[in-house]
Amino acid sequence: MKKIGKKLIFKSFLILSFVLIFTSCGNSITQKDFLKADGKNLKSNYGKGKVVNLRGTNAGGYLFQELWMTATKNTAKIRDETTIYQYLTEKFGKDKMYELIDVYQDAYWSEKDFDNCAELGMNCIRLPFWYRNLVDENNNYYENAFERIDWFIEEAGKRGIYVILDFHGCPGSQNGSDHSGKDGVNKKEEASEFFFGENAPENQALFYKIWEDIAARYEGNPIVAGYDLMNEPYCTYRYNSKLTKNEAELHKILWDIYDETYNRIRKIDKDHLIIMEATWDPVDLPAPKEYGWENVMYEYHQYTNSDLNNLTGAQIKGMKDKLDKIASANYNVPSFMGEFCFYYNIDAWDEGLALLNESGINWTTWTYKTMYSQGNWGIYNQSLAVTSVNLEKSSFEQIKEAWAMGGDSTMNKSLGPVISKYFKEKTVVAK
């Protein structure tokens, strides 16, 4: 895969979309399926066709690990993908580190997983990636940097599934959390070197370049539903900044970066949907007309981290409150619930998914697959044979064997049948 070289031979592949146009069959996505925003709805045929509700899941844990839900133990030296790379390099050398990363990713997601998603009725997968999937420690592109993302897009498109490209882990980290690839533990804000500190300008420059290169690569590709610019900026310290940044200051920093990224992408790609995330509510995004943004979608995440069994109805109330805030903001753009979970109560999933579909909002659950122990976090659960490996106490072969089992999974029998019917429900026009 990517360990072979350090420079990107850019556009070494033909644009996948055009291959699919001329070889499409069955439910494959073709050029007429290209999505654009029309008011609060997404429509096919460049915004002139039928309304499309995106309903699917995330491929979390695939291109980089969050240790709570993947087959690697959190230990003194291992807490995120950054420390995985660092530790394996120190222990085995760079080539062996990349070999193990390839083993993990090759096993974690296969063509069978796309089949599973299609059989459930999904039409969208949000694909989280971090910057080190594309560049090395010196910020040079790997020779085959986009090979795995290319493959993912192509296989999804064959099955009628759109892909949202989600920049989940930005250079330097946009939130100092494990899900950005870099965990600052108790100093998450200080660890957010994408926004703060002397390295921020360099990290932002790399962020812009990567988005420019993505736009150049996938321009015109109808399988790519949109570009999700940045996952959960600020995140846990959004409302209690320790760097004495007030709400207005945090908003301006983020919105100006969104605007710069939007403008750079639009110079290259005039048509793809651009997705901006709020952390966590509509107040964290501007009215689109303030910046002159067009063909954008606004994204929200919803986690109510209390009453996980929904005994008092907190899970449903949390989602209702979020949907009410979105409706009240009344931004004339499509809305997207990019991550959510209703935890342990299957009736809550039933009720909550009905709410989402009734609103006409687009949605993707977090997430497709987790360790068996994490239950309803995953639509699929890895089997009991998949156990967390302690990198500090394991040999190269032991790690390789453990990670090679990552594809061994079965449907969550409680969640799968319930969620499938909501993937397949009729389209709803958002108003």
For S395, the accessible surface traced by a 1.4 Å probe with all protein chains present amounts, in square angstrom to the nearest 10, to 50 Å²
Can you give the Rg to Rh ratio of region 274-368, both from alpha-carbon atoms, with Rh computed by the Kirkwood formula? 0.99
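If you put +1 on each Lys and Arg Cβ and -1 on each Asp and Glu Cβ, how big is the dipole of the chain around its Cα centre, in Debye rounded to 20?
Dipole of the chain, to the nearest 20 debye: 660 debye.
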Over region 311-431, with neighbouring protein chains present, the accessible area per residue in Å² at probe 1.4 Å is 44 Å²
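Show me the GluC sites (Glu not before Pro) within region 203-265 that DSSP assigns to loop and that have at most 16 other Cβ atoms within 10 Å of their Cβ.
Details: sites: E212, E219, E247, E249, E260; in loops: E219.
Answer in residue order: E219.
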Cα centroid distance between region 238-305 and region 371-431, in Å? 30 Å
Can you pull a Stokes-Einstein diffusion coefficient for region 370-431 at 25 °C (0.890 mPa s), Rh from Kirkwood over Cα pairs, as a whole number of µm²/s? 177 µm²/s
Which helices, counted as full DSSP H runs in the chain, have an axial Cα extent of no less than 30 Å and a Kyte-Doolittle average of -1.0 or above? 247-268
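Could you pull out the GluC sites (Glu not before Pro) across region 115-202 that fall in loop regions by DSSP (anything but H, G, I, E, B) with no more than 12 other Cβ atoms inside 10 Å? Numbers along the way, then the final one.
Details: sites: E119, E137, E143, E147, E154, E155, E189, E190, E193, E198, E202; in loops: E137, E143, E189, E190, E193, E198.
Answer by residue number: E137, E198.
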I need the P(r) histogram for region 16-174: all alpha carbon pairs, bin width 5 Å from 0 out to the longest distance, whole percents. 2, 8, 15, 19, 18, 14, 11, 8, 4, 2, 0
For V296 the rounded accessible area (nearest 10 Å², probe 1.4 Å, non-protein molecules ignored) is 0 Å²
What is the spread of the Cα atoms of the chain along each of their three principal axes, largest first, in whole Å? 56, 54, 46
For region 209-270, Kirkwood radius (reciprocal of mean inverse C-alpha pair distance, Å): 13.3 Å
Consider all pairwise Cα distances in region 99-234 and report the whole-number % of them above 23 Å. 39 percent
Length gain on complete extension for the stretch R266 to K94, per 0.36 nm per residue less the alpha carbon to alpha carbon distance? 58.2 nm
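Go through T89, T364, T427 and list them by solvent-accessible area, largest first, probe radius 1.4 Å.
Values: T89 45, T364 0, T427 75 Å².
Heavy-atom accessible area, descending, gives T427, T89, T364.
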Selection of trypsin sites (Lys or Arg not before Pro), region 158-247, meeting DSSP coil and at most 12 other Cβ within 10 Å: K187, K242
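Return the subset of K96/K209; K96/K188; K289/K325 for which the Cα-Cα distance in this structure is over 21 Å, preserving the input order. Intermediate results must be reported in sequence, preceding the final value.
Values: K96/K209 28 Å; K96/K188 30 Å; K289/K325 19 Å.
Distance filter (> 21 Å) returns K96/K209; K96/K188.
Where both residues lie in the chain, what percent of DSSP beta bridges are antiparallel, nearest 5? Working shown, then result.
Numbers: 9 of 43 bridges.
Taking every DSSP beta bridge within the chain, about 20 percent pair in antiparallel fashion.
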Taking the convex hull of Cα positions in region 195-238, its mean projected area over all directions (nm²): 3.9 nm²
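May I ask for the percentage of alpha-carbon pairs in region 55-117 that lie more than 15 Å from each other?
Working: 1104 of 1953 pairs.
For region 55-117, the fraction of Cα-Cα distances above 15 Å is 57 percent.
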D for region 94-171, whole µm²/s, Stokes-Einstein with Kirkwood Rh over alpha-carbon pairs at 20 °C and 1.002 mPa s: what number? 157 µm²/s
Kindly state, to the nearest 0.05, the FRET efficiency for E202 paired with E111, given R0 = 35 Å and r defined as their beta-carbon distance. 0.35
Calculated [θ] (222 nm, deg cm²/dmol) that DSSP helices of n ≥ 4 give over the chain, each run adding -39,500 (n - 2.57): -10500 deg cm²/dmol
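Lysine pairs in region 22-88 with alpha-carbon atoms under 24 Å apart, 8 or more places apart or on different chains: how many are there? All intermediate terms of the calculation are to be shown ahead of the outcome.
Numbers: K32/K40; K32/K43; K32/K48; K32/K50; K36/K48; K36/K50; K40/K48; K40/K50.
Close lysine pairs under the 24 Å cut-off: 8.
Kindly give Rg over Rh for region 309-361, based on alpha-carbon atoms, with the Kirkwood expression for the hydrodynamic radius. Mind dumping the intermediate values first?
Details: Rg = 11.4 Å, Rh = 11.6 Å.
That ratio is 0.98, to two decimals.
The values are calculated or read from the model by the stated rules, or taken from the named source; none is laboratory data. Just so we're clear, the structure is a prediction, and the values are computed from it rather than from any experiment. FYI the Cβ positions are ideal-geometry reconstructions off the backbone, even for glycines, and counts take in every protein chain you see. All accessible areas refer to the heavy atoms of the entire protein, side chains included, with ligands and DNA or RNA removed. Shrake-Rupley method; radii C 1.70, N 1.55, O 1.52, S 1.80 Å.
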